[in-house]
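Taking it in order: structure first as C-alpha cells, then the write-up.
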Amino acid sequence: MKTFNKIQILTAFLFLLLTGCKNAEELNHLIYMTGTEKTTVSRITIDGPQSFGVSATCTAKAEQDLHITFRIDDSLVEQYNAEKGTNFKVLPKECYNMEQMESVIEQGSCVSTPVMFNITTTEGMEDGAVYLVPISLASAEGYPILESCRTNYIVINRTIITKVLSLSGSRSLNVPKFKESPELQSIPQVTMECRVKVNKFCNSDPYISSIMGIEYDENFLLRFGDVTIKNNQFQVTAKDQVTPEMTFDTGKWYHLAVVFTGSQFIVYVDGEVAATKQATRGPLNLYDGGDFNFGYSYNGRYLDGYISEARIWTRVLSQVEIQENMCYVQPDSEDLLAYWRFNDGDSKKAKDFTGHGYDAEIKTGGSLQWAEGIKCPEPQN
C-alpha cells in the first residue's frame, strides 16, 4: 500500500511538472491551450500581415472526437494590465480575423487541428504601441478545461521603421540646457536608457567608447570599455562602477537601461538583468557636474556607431516597463525628464520630444548624419 501511494504521489508530481500550470487541482484528464504548459504569454514581432495557428491539447489521447471552441476576450486585456503592471492595448478588430472558432481533437490524438489567427493589416496600429490578444478556450467536450491554462496571451509588437543618429567620424552632442536647470542638481532616482549599435570598439588606450552621460567626477556615464575591462564590455561609471560580465558584438542593436534606485544600480541588457550593485553615491547631478554628452567624454573617447531612443526618467522603471517600451514611449509619460528619439533628421540638433527643451546640440564632428530604414524591434525570423 505504501509503495502504491508513492507511485501516486510521483505521478502527480510529474504531471504538474510537465504541465507547468499552477492550479491543477485534479489529476484527471484535462484540456488546455497548447503551449501554455510552459508559459501563458506568446510574443511576436511583425512588420506586415502575418498568420499563426492556435490549438488545444488534451493530457491523454482522445477516446472520441472532442469538439473545442475558442474565443477572443478583449476584456481580459484590462485585467492583465492591472495584474502585471503592463500597458498593453487592445488590438483593433479591423487588424485581424480568426478563420473559425471551432476545432476538433480527433480520436486517438492529443492536439486539436490548428485554427488560424490572421493579422491582416498593420494600418491602424499606433507607433510604439504593444498589443495583447487573449485567445481562450470557451468550451471543450469530454474533459474539463485547466483554468490556469485556459488563455494564451499573444503580445504583438509592430516594427517601427525609423531614422537613427550616426555617431561615427568623431561626431558627438551635448545638452546645454541641463546646465541652466538647478532643479536637476539632486535627482534621487534615475533610469537612463537607449538603443545602440557599435561599428567598431575603441582599440587604443583607454579603450573607451562613450555612449551617454556625464564623466566629470564619474558622475553618471554609460560606456563601453576601459583599461581594466574589455573594450566590448558595457560599464556604468557613477563613482561606483558596474560592469556586466557579457561582451557585445559589432553590427548588432542592443537596448541598454541603467536604473539607480537610490541605494542600488540595476543594469538591463535587452530587458534582462545583466548586473546589480549596491550604490555608495548619492543623488544624480545633471546641473553642474559637467556636460551631459552623447558619444563623447573626457577629451573625446568617441562612439563609432549609432544611437536611438535615448531617455532619462526621474524614477525607477520596472523590468516590465523596460521590456515593453524599447522602441517608443509616449513623450508625455509621467516622470520622463528628456526623450531623444534621434529620428528627426535635423543637421544641427536632436529634439527632446518631451517638450522640456533639453535638445541635444552638436559638440564635435560637424553636421549630424542620419541612417534611414532602421527597424525596431527587428522582426523575428
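Computed from the coordinates by the stated procedures, all read-outs in this text should not be read as laboratory data. No experiment lies behind these values; they were computed from the predicted model shown. In this analysis, Cβ positions are derived from the backbone assuming ideal geometry, glycine residues included, and neighbour counts consider all displayed protein chains.
Ranking Cys95, Thr121, Gln79 by how far each Cα lies toward the positive end of the dipole of the range 79-129 (charges on Cβ) leaves Gln79 at the top.
Within the same chain, aspartates and glutamates fewer than 8 places from Lys375 are excluded, and of the rest, those with a Cα less than 19 Å from its Cα are Asp47, Glu123, Glu126, Asp127, Glu193, Asp249, Asp270, Glu309, Glu324, Asp344. Quick check: the distance between the Cα centres of the range 236-257 and the range 105-156, to the nearest angstrom? If we compute the Cα centre of each part, the gap is 37 Å. Restriction of the GluC sites (Glu not before Pro) in the range 75-135 to DSSP coil positions whose beta-carbon has at most 11 other beta-carbons within 10 angstrom yields Glu99, Glu123.
Estimated from helical segments only, the mean residue ellipticity of the chain at 222 nm is -2500 deg cm²/dmol, where each DSSP H run of four or more residues counts as -39500 (n - 2.57). Computed from Cα atoms alone, the Kirkwood hydrodynamic radius reported for the range 19-158 is 15.6 Å.
For the chain, the longest principal axis of the C-alpha atoms and the axis of helix 2-19 are separated by about 50°.
Charge dipole of the chain (Cα centre as origin; +1 on each Lys and Arg Cβ, -1 on each Asp and Glu Cβ, all else neutral): 920 debye, rounded to the nearest 20. Ellipsoid fit via the Cα gyration tensor, the chain: semi-axes of 48, 24, 18 Å, each the root of five times an eigenvalue, largest first.
Given in Å, the Rg to one decimal and the Dmax to the nearest whole number for the Cα atoms of the range 174-263 are 13.8, 39.
Work from the charge dipole of the chain (Cβ charges, +1 for Lys and Arg, -1 for Asp and Glu, about the Cα centre) and give the residue of Leu222, Gly48, Ser318 farthest towards its positive end. Looking along the dipole axis, the top candidate is Leu222.
Legend: distances between Cα atoms for Lys252/Lys348; Lys200/Lys349; Lys277/Lys363; Lys89/Lys179; Lys89/Lys239; Lys197/Lys351; pairs beyond 29 Å are Lys277/Lys363; Lys89/Lys179; Lys89/Lys239.
Can you give the angle from 0 to 90° between the axis of helix 75-84 and the longest principal axis of the chain, with both taken from C-alpha atoms, to the nearest 10? Between helix and principal axis, roughly 60 degrees.
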